[in-house]
Amino acid sequence: MAQMFNRIAIVTIFIFTLITIGCQTDQSENSTYLNTKHTEKLNVVATISMITDIVENVGGNKINVTGIIGEGVDPHLYKPTARDTQRLKNADIIFYNGLHLEVRITGSVLDKMKDKSKAIAVTDKVHKAQLRPTPEFIGGYDPHVWHDAKIWMNATETVRDKLIEEDPKNAEHYHKNTKEYLKKLQNLHNDLLRLAAQIPLEKRVLITTHDAFGYLGKAYGFEVRGLIGVNTENEVGIADVTDLASFIINRGISTMFVETSAAPHGIKAVQAAVQAKGYNVKIGGSLYADAMGTPGTSEGTYLGMMRYNIGTIANSLQTELELAYSE
Ligand SMILES: [Zn+2]
């Protein structure tokens with residue numbers, strides 16, 4: 001009996017010793033792990049909120065992400081603060097839109113970086129045939145590609161590929177998240193097509209402050225007209241206001257839209273010019289053109305923002321159609 005007890009005690013001590021050695025090995029491996037830079041979470045910085053949203057969806061809990069340009073902020077005019085510049089310099093990867101959207105960030109920081117390979121434009125792999133040429137914009141292309149969900153799917157794949165390149169051990173995680181997000185984007189694209197198709201063709205005229213919705217128009221069938229062209233750096237001129245007012249009167253258009261990230265005074269001036277000629281044009285709502293809504297709300301996500309925009313457009317144009325029938 002005593003012999004058996006001793007044998008159990010020896011086996012127990014042996015197992016305990018093995019466990020202790022095992023734990024020590026794990027601890028020493030862990031400390032090596034923590035001290036090795038490339039095994040830490042990637043530190044990713046994104047410019048506009050729509051890109052931050054992609055990075056969060058694809059990266060999930062395997063990365064740390066910081067978005068620079070927030071709610072209601074115009075990316076064409078955004079100047080990086082000293083803190084932004086530091087964040088951009090310390091980042092492992094920077095995702096930006098490109099096509100000269102964030103000119104003040106690219107000009108003052110990204111173009112001057114020694115290691116340019118860490119800054120990736122999410123529009124890099126979009127086929128040129130999918131881009132809207134515009135002589136108005138530096139570089140010759142309209143940068144507002146996120147308004148076409150199909151192009152945004154391409155941007156999502158670019159984000160995935162760079163994360164995998166920099167962090168191959170989590171490749172499976174990035175692939176899985178991308179697959180799920182792409183499915184959501186495809187569903188969004190189908191919804192946008194379906195909702196736009198419900199608006200009669202002759203009513204599908206989208207008038208906004210600046211030409212941010214050209215890709216939405218091209219993909220989902222809207223004629224688009226912005227008061228000041230593609231770039232908000234353009235000033236509103238008297239001729240812009242009178243030209244647009246004439247267009248509205250001649251075409252019998254009764255709805256315009258303002259934008260959350262651009263001043264509404266230009267559109268209000270057009271409204272006044274139309275009214276001065278004895279006609280009426282209403283403001284159908286505020287659209288998310290170049291920035292998403294409040295974080296934590298539906299419009300604070302790319303999917304929610306896009307659904308909000310098409311809902312606002314469809315409701316405003318449809319309501320007016322119903323009113324026209326009832327009059
Ligand atoms: Zn814009």
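Values as computed for the structure displayed
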| read-out | value |
| --- | --- |
| Odd one out for Met292, checked against (1) within 21 Å of Lys150 (Cα to Cα); (2) part of a loop (DSSP other than H, G, I, E, B); (3) at pLDDT below 95 | (3) |
| Flag for Leu216 being touching a residue at least 40 places away in the same chain (Cβ under 8 Å) and touching a His at 6+ places or on another chain (Cβ under 6 Å) | yes |
| Total residues in the range 81-100, condition in contact with a strand residue (DSSP E or B) (Cβ under 7 Å, 6 or more places away or on another chain) and either more than 16 Å from the ligand (Cβ to nearest atom) or not in a strand (DSSP E or B) (or both) | 12 |
| Elements of type helices (runs of 4 or more DSSP H) in the range 172-289, at least 2 residues being within 16 Å of the ligand (Cβ to nearest atom) and crowded, with 18+ Cβ neighbours inside 10 Å | 214-220, 265-276 |
| Residue within the range 267-287 that is touching a strand residue (DSSP E or B) at 6+ places or on another chain (Cβ under 6 Å), over 19 Å from Leu195 (Cα atoms) and of a type outside the set (Val, Ile, Thr) present | yes |
| Residues satisfying the stated conditions in the range 44-67, i.e. among the hydrophobic types (A, V, I, L, M, F, W, C), outside any strand (DSSP E or B) and farther than 16 Å from Lys162 by Cβ | Met50 |
| Qualifying position, being more than 26 Å from Arg307 (Cβ to Cβ), of a type in the set (Gly, Ala, Ser) and not in a loop (DSSP other than H, G, I, E, B), among Ala129, Ala155 | Ala129 |
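Table: residues versus (1) without any contact (Cβ under 8 Å) to a residue 40 or more places away in the chain; (2) more than 23 Å from Asp53 (Cβ to Cβ); (3) in the same structural domain as Thr47 (by TED's automatic domain parsing); (4) of a type outside the set (Asp, Glu).
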position: Ala212; (1), (2), (3), (4): no, no, no, yes
position: Arg251; (1), (2), (3), (4): no, yes, no, yes
position: Val270; (1), (2), (3), (4): no, yes, no, yes
position: Ala291; (1), (2), (3), (4): no, no, no, yes
position: Ser298; (1), (2), (3), (4): yes, no, no, yes
position: Thr301; (1), (2), (3), (4): no, no, no, yes
position: Met305; (1), (2), (3), (4): no, no, no, yes
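The values are calculated or read from the model by the stated rules, or taken from the named source; none is laboratory data. Because the structure is predicted, anything quoted here is derived from the model rather than measured. Neighbour counts run over all protein chains shown; Cβ positions are idealised from the backbone, glycine included.
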